[in-house]
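J.: Please find one structure pasted underneath; my questions will follow.
The values are calculated or read from the model by the stated rules, or taken from the named source; none is laboratory data. Fair warning: this is a prediction, and the values are worked out from it, not measured in the lab. Every residue, glycine as well, gets a Cβ built from its backbone with ideal geometry; the counts of neighbours run over all protein chains shown. These accessible areas exclude ligands, DNA and RNA; they are computed on the full protein's heavy atoms, side chains included. Shrake-Rupley method; radii C 1.70, N 1.55, O 1.52, S 1.80 Å.
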Amino acid sequence: MNRDKPIFVTRPHLPPLKRFLPYLEEIWQNRVLTNGGKFHELFEKELAEYLNVEFVSLFANGTLGLLTSLQALEVEGEVITTPFSFAATAHALVWNRLQPVFVDIEESTLNIDPGRIEEAITQRTSAILAVHVYGQPCNTVEIERIATKHNLKVIYDAAHAFGVRCNGDSFLNKGDLSVLSFHATKVFNTFEGGAVVSHNAHTKKRIDNLKNFGFIDETNVVAAGINGKMNEFSAALGILQLEGIDSVIERRRLIAEKYYKFLDPIVGIKCLKPSNVDRPNFTYFPIIIEDAYGESRDELYWRLRREGVIVRRYFYPLISSFPMYRNLSSALTEMLPVASEVSERVLCLPIFPDLRADEQDLIIGLLTK
Ligand code: T4K
């Protein structure tokens, strides 16, 4: 194989270009590029059906979906969240002038530990912003119990969770709102894009107004909303991508199975496997590098990169260690022992539908040493 070409942690799946061209031609003819055109309407409808949810609002990206969700629910004061995520999760709070309160994660799922949430609740807490990290569902039952008891809103950052099915259902129906990302690096992409799943027509309407600057009609603006709208090009791509998503996830499953087969026997490498889900999406392939491996996570990271395998340390460093968060009392490393340890040991291996067998063999060979 050509070793000059790097193997990235992911590559976006795209349909054949010729299948996209008719959509482009139609957009060129219609001259409707954004603000809720024909493809936007159709994609929103088809997406809701695919995800088995009732109300979907499309967004230009997941981050704007998070910002708008917090605004829509009128969240105030402090919000309990996880440090083990992408920057966007906590940044969305700051953009809404909310204070993140970091809580440690569970070792088994790497999601926020419900057992640590209640001790972090204060008079000022109004919501929980949890993340289904790597598409592994949070303990939604326990989170709901705590939220009901303390009258808190629940928003799930479901950026990684597209297409994951649990008990035959979509866990996007849990909590008050769930936010998806359709970024190029995600299982399902619309170039850039995102969506917010809500549970009633009133909330969807409010979210749709907020993503259009807060306009409710041509002359009335009811809130300082943002421009969060998805354009027609992304929506058209989304319609096409839905046709291929199940085979994309199946291909990812086969790659994951091969990794399990060859990496499970290696002493010091622990493959993190999805649990309690009917259909995982294999959006990432995270492994934990234990001392017994004989090489640290960072040594392995650099060795693989020197060999052209561009692995990633999602999520290192922890959000709580970023300069704008590290002075918070909840950001102390001692308060976050599991997240701190995992962040130092985790490595995400390449997984995407076009990963070739010889490329995967090379990666496995490098890990086997
Ligand atoms: N919440 C969570 C939990 C998230 O993980 C994210 C995003 C969000 C919220 C926010 O959603 P969005 O607003 O993004 O919709 C990437 C993505 O930019 C980001 O979307 C994602 N999480 C995060 C986990 O990863 P980087 O800086 O690692 O991406 P980058 O550009 O280094 O890409 C990684 C690899 O992917 C590259 O080495 C090559 C490949 N790649 C990437 C792009 C963009 C391609 O082959 N083609 C491409 O177009 O952040």
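J.: Just one of the numbered conditions (1) touching a Leu at 6+ places or on another chain (Cβ under 7 Å); (2) open to solvent by 30 Å² or more (accessible area, probe 1.4 Å) is not true of residue 106; which one?
T.: If we test residue 106 against (1) touching a Leu at 6+ places or on another chain (Cβ under 7 Å); (2) open to solvent by 30 Å² or more (accessible area, probe 1.4 Å), just (1) comes out false.
J.: So which residues in the range 21-34 are part of a helix (DSSP H, G or I) and either under 27 Å from residue 96 (Cα atoms) or within 16 Å of the ligand (Cβ to nearest atom) (or both), if there are any at all?
T.: none
J.: Under the condition of being at pLDDT below 95 and farther than 17 Å from residue 131 by Cα, which residue from the range 147-179 is most open to solvent (accessible area, probe 1.4 Å)?
T.: Looking at residues that are at pLDDT below 95 and farther than 17 Å from residue 131 by Cα, I get 167.
J.: Let me ask something else. Any residue that is among the aromatic types (Phe, Trp, Tyr) and either modelled with pLDDT under 95 or surrounded by fewer than 22 Cβ atoms within 10 Å (Cβ to Cβ) (or both) - is there at least one of those in the range 59-69?
T.: There is no residue in the range 59-69 that is among the aromatic types (Phe, Trp, Tyr) and either modelled with pLDDT under 95 or surrounded by fewer than 22 Cβ atoms within 10 Å (Cβ to Cβ) (or both).
J.: Of the residues 318, 300, 332, 349, only one is touching a Phe, Trp or Tyr at 6+ places or on another chain (Cβ under 8 Å) and either open to solvent by 90 Å² or more (accessible area, probe 1.4 Å) or more than 16 Å from the ligand (Cβ to nearest atom) (or both); which?
T.: Only one candidate passes the filter, namely 300.
J.: Then there's this: Of (1) among the hydrophobic types (A, V, I, L, M, F, W, C); (2) within 21 Å of residue 185 (Cβ to Cβ); (3) in contact with a Pro (Cβ under 9 Å, 6 or more places away or on another chain), residue 105 satisfies all except one. Which?
T.: (2) is the only condition that residue 105 fails.
Listed here are the residues, each with its yes/no results for (1) out of contact with any strand residue (DSSP E or B) (no Cβ under 6 Å at 6 or more places or on another chain); (2) of a type in the set (Gly, Ala, Ser).
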{"position": "273", "(1), (2)": "yes, no"}
{"position": "281", "(1), (2)": "yes, no"}
{"position": "306", "(1), (2)": "yes, no"}
{"position": "310", "(1), (2)": "no, no"}
{"position": "320", "(1), (2)": "no, yes"}
{"position": "338", "(1), (2)": "no, no"}
{"position": "351", "(1), (2)": "no, no"}
{"position": "362", "(1), (2)": "yes, no"}
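J.: Here are the criteria: (1) more than 16 Å from the ligand (Cβ to nearest atom); (2) open to solvent by less than 60 Å² (accessible area, probe 1.4 Å); (3) among the aromatic types (Phe, Trp, Tyr). Tell me which single one residue 84 does not satisfy.
T.: That leaves (1) as the condition not met.
J.: Here's a follow-up. Answer yes or no: is there a residue in the range 123-130 that is open to solvent by less than 40 Å² (accessible area, probe 1.4 Å) and farther than 29 Å from residue 282 by Cα.
T.: yes
J.: Mind checking which residues of the range 59-79 are within 16 Å of the ligand (Cβ to nearest atom) and touching a Ser or Thr at 6+ places or on another chain (Cβ under 9 Å)?
T.: 59, 60, 61, 62, 63, 65, 66, 68, 69, 79 - these are the residues of the range 59-79 that are within 16 Å of the ligand (Cβ to nearest atom) and touching a Ser or Thr at 6+ places or on another chain (Cβ under 9 Å).
J.: While we're looking at this one, here's another question. Could you grab me the full set of residues in the range 157-177 that are within 29 Å of residue 126 (Cβ to Cβ), touching a residue at least 60 places away in the same chain (Cβ under 8 Å), among the small types (Gly, Ala, Ser) and more than 7 Å from the ligand (Cβ to nearest atom)?
T.: Residues satisfying the conditions are 161, 170.
J.: Same structure, new question: For the range 180-205, give me each residue that is more than 16 Å from the ligand (Cβ to nearest atom) and buried (at least 22 other Cβ atoms within 10 Å of the Cβ).
T.: Matches in the range 180-205: 198 only.
J.: What do you reckon, is residue 209 over 11 Å from residue 68 (Cα atoms) and either surrounded by 15 or more Cβ atoms within 10 Å (Cβ to Cβ) or within 20 Å of the chain's Cα centre (by Cα) (or both)?
T.: Spelling it out, it is not the case that residue 209 is over 11 Å from residue 68 (Cα atoms) and either surrounded by 15 or more Cβ atoms within 10 Å (Cβ to Cβ) or within 20 Å of the chain's Cα centre (by Cα) (or both).
J.: Moving on. Restricting to helices (runs of 4 or more DSSP H) lying wholly in the range 35-129: which have 1 or more residues that are closer than 20 Å to residue 146 by Cα?
T.: 62-72
J.: Return yes or no: is residue 274 touching a residue at least 60 places away in the same chain (Cβ under 8 Å), within 21 Å of residue 171 (Cβ to Cβ), open to solvent by less than 30 Å² (accessible area, probe 1.4 Å) and not aromatic (Phe, Trp, Tyr)?
T.: Considered against the rule, which asks whether it is touching a residue at least 60 places away in the same chain (Cβ under 8 Å), within 21 Å of residue 171 (Cβ to Cβ), open to solvent by less than 30 Å² (accessible area, probe 1.4 Å) and not aromatic (Phe, Trp, Tyr), residue 274 comes out as no.
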